[in-house]
Amino acid sequence: MVHHRVGRSHIDYLGLIQIIPSLIVVADREDVIWFSNRGWDVFTGLKASTIDGTSWINAIHPLDIHKIGNARARALAGDGGTDLAARLQARDGNFRNLHLHVAPFDLASGDRGWCLIGMYGCPIKAAETELDLNSDMSASETKRHSELAELRRITAQFREGQRLSSTGSFTSDLQRDENRWSEEFYRIFEIDADAPPTVERVRERVHPDDLALFDSEMERGRTGHNGDFEFRVITPKGGLRYIRGIARMIYHLDGRPIFMGIVQDVTESRLSEIALRKREGELRQANYHLTIAQGLSKTGIFIWNLSSDESRWSDEMYRIFDANPSSTPWTEALELVHPMDRPSVDGLISRARSGEDFEGEFRLIMRDGTTKNIKMVGRLLADEAERTFVGAAQDITEVRQQEEALNRIRADLAHVARVSALGTLSASIAHEVSQPLAGILNNANACLRMLSADSPNLEKALETVRRSLRDATRATEVVRRLRVLFMREALTVEAVDLNEAAREVGAILRGEFWRGLVLLDLRLDETIPKVRGDRIQLQQVILNLFLNALDAVSSGGGDERRVRAETKFNGGCVTLSVSDTGTGLGPDTEKLFDAFHTTKDNRMGIGLSVSRAIVESLDGEIGAKQNEHRGATFYFSIPRYAN
Amino acid sequence: MRQKPRLAVVDDDESVRESLPDLLREFGYHVEAFASAKDYLESPYLDITDLLLLDIAMPGMTGPELARELTRLGKSIPTIFITANRDIPSVDSLLGAVPVLMKPFGDDELRDAIESSLSTSTRPGSDRS
């Protein structure tokens, strides 16, 4: 008997209630039992002390639980009492059909509860009421009881589970197609609450692809096998649901298996599982692509934790450094660094250790003696509590080799351009050399005559010799300049005085300008600093710009036939500009610096493109613009030489 | 003795301008040298020149332009052009049959050209002898 929560003032009624030939149970909305009368205890044989919480429900026939449950729901909702017939298990293990009344019941705590009253129906035998609860039971009875306890336990578990997980539950006699479904069951399959609960109702919902599975599981069930399988249903609205059904045979009724089970809507978890699997697949795919891309771009990726000094390398990293995957990554790799690059690599590492991002280029000498050029960058992850670098190392050996090859080709091209210019210049070179030669010849002839005279004029003869020497020097200078300009030499980056370079080129071209009757006007700012570059190359650029200007004036000059070269220093760069009074720029200014773009018949058209290549290789700029009045100005800027 | 023929050298290049007159003097001529066409045109020597040795490519007024100017002024002075450039396209058309000496030239070549020019021309200088 449970009555500890009932108020004392009702003790008389309680005594009455204890002796009326009815079963009474009071429970709260959680179905936790608050009270049962003696009639209940005697009928069910469940000792008050063994009834805790909700286990009293085990006394209800599994197929009738939903019936009582629905009535309970109405009672708790305040919809009044319900009369119904249901089976309860008596202490002998047999189910008895009773008329039951389920009604709301206000608990002493003030909360709404409910009560189950077995008022009518099968009379309770006097003998049973008088049964001594403590009397010994026969062995078979004991066995039966333990089986029933197990059954009750299972029933209780299903009920609890259903309430907690909003999982639909059912009990089924599959052979007779007699089923009981919980409200949740109806909801999950979107079956009308009024519809008779038959297997066919569920089958109608099953996804066509899963029908065979469903049918075979039902068939297995009819022969008494437990089931646990998943299938898809299509709801009337066209929605797809993943359902997991679990059925367990709880006992045989007249030789027929009776199942109790649950159906669980696992759509969400299945969908998220599918999404997860898809994401995993994508991630695997991305990782695979990344690995391929790393191989293609010869870029290895690493993660380096500063705090623990632990690193993780991608496969490509190991390939680049030709390292053994089981080795400690960095130590072995850093041993390969070219001795000349050690200081810069050490600098890189110490910067990294102080938490700075790093970026650098160095060479490795591999075990087979080959050299690799490596570019390495590392970025400190900003939002990482642990100081971790993520970085990449790229094998840029090929790029460097191609650049070197390109430089060689560029040098060859510059040479071709120079030689081509030499052809153009031959006439003015002849002029330049002819003048002093003519002088020397004249002087020598005059000298000979002076010395052969009867009274040799030694003083005048000496004068001719001095002039000869001067002219010979002048011719030699012309030859020297030409040799310097047209000889191919390896590039040397040095401090170059652009003024001096312009004057030298101007001297070489003096005859050319005179021949074209064009004034070369050098307005050089003597305060400019030296620039960083190769003198021959820069002279080549100046030569090209001068020749270009000269051509422009020669072909279209008006009265004013002038080429003006100016130097100035501004913003860390020295600019040399060459303006002419020629025809000006055509419409294709964009193509001016393209190779083989030429408006002239006697040029290869590579002068300006070579000039651009040279200037850009020195981090400079080259350009052209139309003059306001007449002609065009070509210019280039080169950063000043810094020690 | 007949007065020495008066020669004028007009050349902007100092190597030639300085050396040529010395040689010509050794040949026995009287020589004056000018660095530009303008200098020569402004000089009184213009009126007494027997033979002009004229450079073609000069800044300012060129040799041929000076020759044309002299013609315009009515002064027909025999002229030998001297040039270091063989390929000036307009040389032939400008100068016609006028003698041209290519720099560098030998002394015989020079002397022959001068003598031939002086002998085929009227000699305004001799009138004043």
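The values are calculated or read from the model by the stated rules, or taken from the named source; none is laboratory data. All values reported here derive from a predicted model rather than from experimental measurement. Please note: Cβ atoms are built from the backbone with ideal geometry, for glycine as well, and neighbour counts cover all protein chains shown. Heads up: the accessible areas ignore ligands, DNA and RNA and are worked out on the full protein's heavy atoms, side chains in. Shrake-Rupley method; radii C 1.70, N 1.55, O 1.52, S 1.80 Å.
Descriptive notes on the structure:
- Tensor-based shape of the range A:431-532 (alpha-carbon gyration tensor, a/c under 1.5 rounded, otherwise prolate or oblate): prolate
- Beyond 29 Å in Cα-Cα separation lie the following of the pairs A:Lys278/A:Lys375; A:Lys372/A:Lys530; B:Lys38/B:Lys103; A:Lys375/A:Lys568: A:Lys278/A:Lys375; A:Lys372/A:Lys530; A:Lys375/A:Lys568.
- Report note on the peptides B:23-30, B:46-53: ranked by the mean count of other C-beta atoms within 10 Å, highest first, their order is B:46-53, B:23-30.
- Solvent-accessible surface ranking, highest first, for A:Tyr288, A:Tyr635, B:Tyr40 at 1.4 angstrom: A:Tyr288, A:Tyr635, B:Tyr40
- Ranking by accessible area, most exposed first, for A:His431, A:His225, A:His101 with a 1.4 Å probe: A:His225, A:His101, A:His431
- Phi-based couplings in Hz for the range A:308-317 (Karplus 6.51, -1.76, 1.60; Gly and Pro marked x): 9, 6, 9, 10, 10, 10, 7, 4, 5, 4
- Average beta carbon contacts from partner chains per residue of A:456-463, 10 Å cutoff: 1
- By a 1.4 Å probe calculation restricted to protein chains, A:Ile622 has an accessible surface near 30 Å², given to the nearest 10.
- For the segment A:511-520, counting C-beta atoms of other chains within 10 Å of every residue's C-beta and taking the mean gives 3.
- For A:Leu100, distant residues with modelled amide H under 5 Å away: A:Leu84, A:Ala85, A:Ala86
- Legend: mean number of C-beta atoms from other chains within 10 angstrom of residue C-beta atoms, peptide B:5-18, equals 4.
- Separation of alpha-carbon centers, the range A:279-293 and the range A:437-480, rounded to whole Å: 86 Å
- The string of couplings for the range A:508-520 from the Karplus curve (6.51, -1.76, 1.60, θ = phi - 60°) is 4, 8, 3, x, 4, 5, 5, 4, x, 6, 10, 7, 9 Hz, one whole number per residue in order, with x for Gly and Pro.
- Once backbone amide H atoms are built at 1.01 Å from N, B:Met58 has B:Gly63 as its partners under 5 Å, excluding neighbours fewer than 5 places away on the same chain.
- Once all protein chains are placed together, B:Lys4 keeps about 100 Å² accessible to a 1.4 angstrom probe.
- In this assembly, the A-B interface accounts for approximately 2300 Å² of buried accessible surface in total, computed with a 1.4 Å probe and without ligands, DNA or RNA.
- Sequence of B:Leu118, A:Leu253 from largest to smallest accessible area, 1.4 Å probe: A:Leu253, B:Leu118
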